[in-house]
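Written below as structure tokens is the structure these notes are about.
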Amino acid sequence: MKELSVVVPIYNERDDLTRLIFAITGALDPHVEEYEIVLVNDGSTDGSGAQLDKLAESDAKLRVLHFERNCGQTAAIAAGLKVAEGRYVALMDGDLQTFPEDIVKLLPYMAEYDFANGTRVDRRDTLVKKVSSKVGNGVRNKITGDQIQDTGCPMKLFKREVAQSFNLYEGFHRFLPTLARMNGFSVIEVPVGHRERTAGKSKYGVLNRAFVGLMDAIVIGWLRKRTIRYQIRGD
Ligand code: UDP
Ligand code: MG
């Protein structure tokens, strides 16, 4: 079995892709013996698809899935998790705002925890985005009843069993640590690096994310409250 799968959702990130692959392989080659990079092209219209196929020709570690059309980040992540073969699964975005080196930093936590969620300590986004994210995390925690500092941090690492336990709906990629806990897994939060987006554009606006995120948080809070937990006597 491969030790690690790195799953990356990609929607119109053409100018970042070569850099992305070099950054991931550069960070992982010295530390991880056998890994794969699963790149899910979520219906890109900027030539990302052709670029991904070209990159995959010269690197057998790359696996590329193409959606027929844009289906959203959660769908792309779900498709990647479904085909991932690694014992551990790392998630990161295609815009390189997080550092693949941090996957190596998160790996040792798998000895004690099932899920390591990054926390962007020195976040390099616009002020509006930083403030909305801070408020968003506070509101989300209040509504879901869970406590996660940076639930939307793109850098995450978890065990294969965790990946297989998810039953994802659109928007749920922002609640993965909470969903993992609901499924009985242990979660640790670990500081990770962050940098500006240098190519492409963010796919979300503040308002649509806030509103949709709020509705999603209500659903997650409801699911969390209704989670069934039982133990059969003698087991
Ligand atoms: N993404 C995707 N499908 C979408 C929107 C985004 O696969 O419909 C990908 C995108 O290419 C990136 C990641 O999801 O790799 C996060 O998107 P983005 O960086 O725009 O979000 P932000 O960091 O601004 O929250
Ligand atoms: Mg981003």
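Ordered from longest to shortest, the equivalent ellipsoid semi-axes for the chain are 27, 22, 17 Å, each the square root of 5 times a Cα gyration tensor eigenvalue.
Each Lys or Arg adds one and each Asp or Glu takes one away; over the other residues whose Cβ falls under 9 Å from the Cβ of Phe115, this sums to +2. Tell me which GluC sites (Glu not before Pro) from segment 34-125 have a DSSP coil assignment and no more than 10 other beta carbons within 10 Å of their own. Qualifying residues, ordered by number: Glu68, Glu112.
Give the aspartates and glutamates whose C-alpha is closer than 18 Å to that of Lys130, dropping any in the same chain fewer than 8 places away, or say none. The qualifying aspartates and glutamates are Asp93, Asp95, Asp122, Asp150, Glu196. Placing a label point 7 Å from the Cα of Lys225 along the Cα-to-Cβ direction, the residues of segment 144-182 whose backbone N falls under 12 Å of that point are 144-145.
Mean sequence separation of contacting Cα pairs (under 8 Å, at least six apart), scaled by the length of the chain, corresponds to a relative contact order of 24 percent. Here, segment 135-235 is characterised by an Rg to Rh ratio of 1.01, where Rg is the alpha-carbon radius of gyration and Rh the Kirkwood radius.
Return the Rg/Rh value of segment 49-89, two decimal places, where both radii are evaluated on C-alpha atoms and Rh is the Kirkwood radius.
Radius of gyration relative to Kirkwood radius: 0.99.
Within the chain, the selection of entire DSSP H helices by a Cα span of 15 Å or greater along the long axis and an average Kyte-Doolittle value of at least 1.6 returns 17-28.
Please report, as a whole percent, how much of the solvent-accessible surface of the chain comes from carbon and sulfur atoms (probe radius 1.4 Å). Heavy-atom surface of the chain belonging to carbon and sulfur, 1.4 Å probe: 53 percent. Pairs exceeding 25 Å between alpha-carbon atoms, taken from Lys61/Lys203; Lys2/Lys129; Lys156/Lys201; Lys61/Lys134: Lys61/Lys203; Lys2/Lys129; Lys61/Lys134. Could you state, as a whole-number percent, how many of the C-alpha pairs of segment 29-143 are farther apart than 24 Å? It works out to 39 percent of all Cα pairs.
Give the accessible surface of segment 111-188 per residue, rounded to a whole number of Å², with probe radius 1.4 Å and ligands, DNA and RNA excluded.
Solvent-accessible surface per residue comes out at 47 Å².
In segment 51-70, whose amide N lies under 16 Å from the spot 7 Å out along Cα-to-Cβ of Lys82? List them in ranges. Residues passing the 16 Å test: 64-70.
The values are calculated or read from the model by the stated rules, or taken from the named source; none is laboratory data. Computed from a predicted model, the values in this text were never measured in an experiment. Counting neighbours? That spans all protein chains shown, and the Cβs are built from the backbone with ideal geometry, glycine included. For accessibility, only protein heavy atoms count, side chains too; no ligands or nucleic acids. Shrake-Rupley method; radii C 1.70, N 1.55, O 1.52, S 1.80 Å.
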